[in-house]
Amino acid sequence: MAGLFEELKRRDQEGHPIRLGVIGAGQMGRGLISQIPAIPGMTVTGICDVDLSRAEHARDLYRDQDDDGNAITVTMDFRQVVNARDVDVVIEATGKTEPGAQVALATFLARKHLVLLNVEVDITIGVLMKQLFDTAGLVYTGSDGDEPAATFALYRFARAMGMEVLVAGKGKNNKLRPEANPDTALEEAEEKHMNPAMLASFQDGTKTMAEMTLLANATGFVPDVVGMHGTSGDLEATVAQLDLEENGGVLSQFGVVEYVDGLAPGVFVIVRGQNETVREELCYMLKKDREHQILYRPFHLGSLETPLTAARAFLNHEAAIVPLDHPVAETVAVAKRDIKSGEDVDGIGGYCVRGVIETHQAQQENRHIPIGLITGHCVARRDIAKDTVLSSDDIALDTTTMVYRLRSLQDTTIG
């Protein structure tokens, strides 16, 4: 039985590579494009970015390694890539909700598979989009290499062996800086060749909250408290801390998502064997005599793993991570600073708001605003104090955006 690598080699030998169109040529997009030439049976046929020079640079990096003569569409218009006849799988790597929503809908209408390197749009409209793609027999999926999918793989591994998964989560890559913005992140961003707003979204916690929201929506797990506990420690401390309060831990319940300062760049699940014999065997194999065990993957490779997701989507109709048929958690907007009535409010990675995870039920009951909807022209309806969780009473959203329209459709048809 041929595996993924063997199937890709066969397609390469037969001259029928999987053809990829990449939307977004920033750090993530550029990374996966540079990875493709070393992978048999795959080729890049389209690259789009709002900055044409970035798209051209990504194309040149690709050509430096693989000048196979295949045409590569380079454009600022994503529709030219999505609708191209020579694109089999679209990879959305902008990291922004409005272009992500536009690309997702266009890819569905073009009847192409979609791989998202865009957690932000997935947690905003993913439940709706997954169901739409299902009806068309298409694959809608998050990406391997992103922490939600890496954690979800561990979750599925443990569940397939019959184990009970108690906690699922990730290490935090950056020290939490709730007030981070593009200005405070600029120097580090320049050193790392990153977009300052993207780095600010890592530092202020939004990215971690969004990633664990996606994991929650795939597993049915919830945050134990708003924002999660965010414990700190090594593997041993993590097992002890992420236990029930009655056992000396911090949790009020199991079946939760969490993040831990000290385990980056890894991901983990905490499990319990389904009976005494299995628990004894786990203690023997893992050399730890305890009730709960931690399964830990000490790395994730980001966009370098994305081509494997595209290959499995095309060849096996398989997804890396998708939401359930209803939302479980949300990343809602919280004011980073005092905001004045009438002030324009920017979104993820900006100066005004950061994201915090809470249950979908709490978001609905309190009319809190999913942070992915703060895009376009949003305006404060009234004075807003720093650290306020924003509601529809606080912000007038831009109702002309595609992401707002699709989220409205999700809310009215799915709930």
Exercise for the section: Could you list all residues from region 95-125 that are open to solvent by less than 20 Å² (accessible area, probe 1.4 Å) and of a type in the set (D, E, K, R)? Expected result: 120, 122
Practice task
Please specify each residue of region 60-117 satisfying the condition of being of a type in the set (S, T, N, Q) and more than 22 Å from the chain's Cα centre (by Cα).
Solution key: 65, 70, 73, 75, 80, 83
Exercise for the section: Within region 219-236, work out how many residues are within 13 Å of residue 261 (Cβ to Cβ) and open to solvent by less than 30 Å² (accessible area, probe 1.4 Å). Expected result: 4
Completion exercise
Checked 186, 166, 154, 138 against criteria (free of Cβ contacts under 8 Å to residues at least 60 places away in the same chain, outside any loop (DSSP other than H, G, I, E, B) and not charged (D, E, K, R)); the one match is 186
Exercise for the section: Working carefully through the options 112, 96, find the one that is among the basic types (Lys, Arg) and under 19 Å from residue 26 (Cβ atoms). Expected result: 96
Practice task
Test residue 350 against the stated conditions and say whether it is small (Gly, Ala, Ser) and out of contact with any strand residue (DSSP E or B) (no Cβ under 7 Å at 6 or more places or on another chain).
Solution key: yes
Problem - region 53-65 - residue that is of a type outside the set (Ser, Thr, Tyr) and out of contact with any strand residue (DSSP E or B) (no Cβ under 8 Å at 6 or more places or on another chain) and, of those, surrounded by the most Cβ atoms within 10 Å (Cβ to Cβ) - result: 54
Exercise for the section: Answer yes if at least one residue in region 18-27 is modelled with pLDDT under 95, touching a Pro at 6+ places or on another chain (Cβ under 7 Å) and buried (at least 16 other Cβ atoms within 10 Å of the Cβ), and no otherwise. Expected result: no
Handout entry: Top-ranked residue of region 189-203 - restricted to ones that are assigned to a helix (DSSP H, G or I) and polar (S, T, N, Q), ranked as surrounded by the fewest Cβ atoms within 10 Å (Cβ to Cβ)
Key = 203
Problem - Every pair of residues 6+ apart whose Cβ atoms lie under 7 Å, when the first sits in region 396-409 and is within 13 Å of residue 102 (Cβ to Cβ) while the second is among the charged types (D, E, K, R) and not in a helix (DSSP H, G or I) - result: 404/398
Problem - Candidates 81, 50, filtered to the one that is open to solvent by less than 30 Å² (accessible area, probe 1.4 Å) and among the aliphatic types (A, V, I, L, M) - result: 81
Exercise for the section: Take residue 365 and decide whether it is at pLDDT 95 or above and either open to solvent by less than 10 Å² (accessible area, probe 1.4 Å) or part of a loop (DSSP other than H, G, I, E, B) (or both). Expected result: no
Exercise for the section: Working carefully through the options 329, 310, find the one that is crowded, with 24+ Cβ neighbours inside 10 Å, in contact with a helix residue (DSSP H, G or I) (Cβ under 7 Å, 6 or more places away or on another chain) and not hydroxyl-bearing (Ser, Thr, Tyr). Expected result: 329
Completion exercise
Expected single match for open to solvent by 30 Å² or more (accessible area, probe 1.4 Å) and either charged (D, E, K, R) or in contact (Cβ under 8 Å) with a residue 40 or more places away in the chain (or both) among 371, 348, 339 is 348
Handout entry: Subset of region 350-398 that is among the hydroxyl-bearing types (Ser, Thr, Tyr) and more than 24 Å from the chain's Cα centre (by Cα) - its residue that is farthest from residue 177 (Cα to Cα)
Key = 392
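The values are calculated or read from the model by the stated rules, or taken from the named source; none is laboratory data. Worth saying up front: this structure is predicted, and the values here are computed from it rather than measured. Methodologically, a virtual Cβ is constructed for each residue, glycine included, from the backbone with ideal geometry; neighbour enumeration extends over all protein chains shown. These area figures cover heavy atoms from the full protein model, side chains too; ligands, DNA and RNA do not enter into them. Shrake-Rupley method; radii C 1.70, N 1.55, O 1.52, S 1.80 Å.
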